[in-house]
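The values are calculated or read from the model by the stated rules, or taken from the named source; none is laboratory data. None of the values given here were measured: they were computed from a predicted structure. Cβ sites come from the backbone with ideal geometry, for glycine too, and all protein chains shown count toward neighbours.
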Amino acid sequence: EEGRQLLGRTPRLESQRDLRKDYQKLADGDLSEDDFTKDRDKILAGTKLPPAVAQKFAAKVIEATEVILSDYYKEENQGELVTQAIRKEYRFLEERIPDALEAGLKKAKDMSEDQLKELLIDARTALGKREDLDKDKDIDVALVEMLRTLDPYTTYIDPETLNRFKIEIAGNFTGIGIQIRKDAATDLLLVVTPIKGSPAYRAGLMAGDLITNIGREVDNEGKPLPKTEET
């Protein structure tokens, strides 16, 4: 069954592509069954996730849920937040949730924080070591997808994107330091999030604010305009 699935499509993951090549060699008679078994065992061993990675994933997701529980404007259930993080992660990766994990998710609402942490460790371990979750991408995906279930305005910015924003608003950059998008209902600009320490943040702009007009006091070269231009 495994061989038919791999040979029937081009897998996304490197380990699956390597295994597919071995199945093809086995089918063509270019690889003995013993050598195939050895190669397969080696490939699968390489997909085993180090426990520390799963533990870090669980700790970061739990940390995020704690922030939500303490700061979010309405009451949330920690188990339901963890359930969303796991389900959305698997959906993003187009992976089936294992039966044992699915059973745990159905009980998550009533679990303690320690039990939820173990559930997260199990969920991440089951996905294994894979290149599409390297460099904390597993954490980024889980947090983005979990926060997306709260409301249209609450979002998570991964460290790489945040660092890029900080660079853009540093020094002589004339931006005010906000992430914006077009609001479908009003056709105005909607503040998604102000960057901490930016002019927008200091001015009191908040996520969910609508920008009705923009005043311009300097030209493209930074020289003062005789009169503020509004758009």
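Scanning region 17-38 turns up no residue that is surrounded by 12 or more Cβ atoms within 10 Å (Cβ to Cβ), in a loop (DSSP other than H, G, I, E, B) and in contact with a Gly (Cβ under 8 Å, 6 or more places away or on another chain). Any chance region 26-44 includes a residue that's within 23 Å of ASP134 (Cβ to Cβ) and touching a Phe, Trp or Tyr at 6+ places or on another chain (Cβ under 7 Å)? Checked region 26-44: no residue is within 23 Å of ASP134 (Cβ to Cβ) and touching a Phe, Trp or Tyr at 6+ places or on another chain (Cβ under 7 Å).
Kindly provide the set of residues from region 138-165 that are loosely packed, with under 14 Cβ neighbours inside 10 Å and either charged (D, E, K, R) or outside any helix (DSSP H, G or I) (or both), ordered by number. ASP151, PRO152, GLU160, ARG164, listed by residue number. Restricted to region 2-16, and to residues there that are among the hydrophobic types (A, V, I, L, M, F, W, C) and more than 15 Å from GLY128 (Cα to Cα), the residue that is surrounded by the fewest Cβ atoms within 10 Å (Cβ to Cβ) is LEU7. Out of all the residues in region 85-106, is one or more surrounded by fewer than 15 Cβ atoms within 10 Å (Cβ to Cβ) and touching a Pro at 6+ places or on another chain (Cβ under 9 Å)? The answer is no; no qualifying residue exists.
Of all residues in region 122-158, which are aliphatic (A, V, I, L, M), over 9 Å from the mean Cα position of the chain (by Cα) and under 16 Å from ILE62 (Cβ atoms)? Within region 122-158, ALA123, LEU147 qualify.
Of the residues that make up region 36-48, is at least one in contact (Cβ under 8 Å) with a residue 40 or more places away in the chain and under 22 Å from the mean Cα position of the chain (by Cα)?
Here is the first cut: in region 36-48, the residues in contact (Cβ under 8 Å) with a residue 40 or more places away in the chain are 46-48.
From what is left, the residues that are under 22 Å from the mean Cα position of the chain (by Cα) are 47-48.
Checked against the condition, which is being in contact (Cβ under 8 Å) with a residue 40 or more places away in the chain and under 22 Å from the mean Cα position of the chain (by Cα), region 36-48 yields at least one hit.
Counting only residues that are surrounded by 13 or more Cβ atoms within 10 Å (Cβ to Cβ), more than 15 Å from ALA52 (Cβ to Cβ), free of Cβ contacts under 8 Å to residues at least 60 places away in the same chain and out of contact with any Gly (no Cβ under 8 Å at 6 or more places or on another chain), region 114-131 holds 3 of them. Assessment of region 73-84 against the conditions (in the same structural domain as ALA123 (by TED's automatic domain parsing), in contact (Cβ under 8 Å) with a residue 40 or more places away in the chain and in contact with a Phe, Trp or Tyr (Cβ under 9 Å, 6 or more places away or on another chain)) yields no matching residue.
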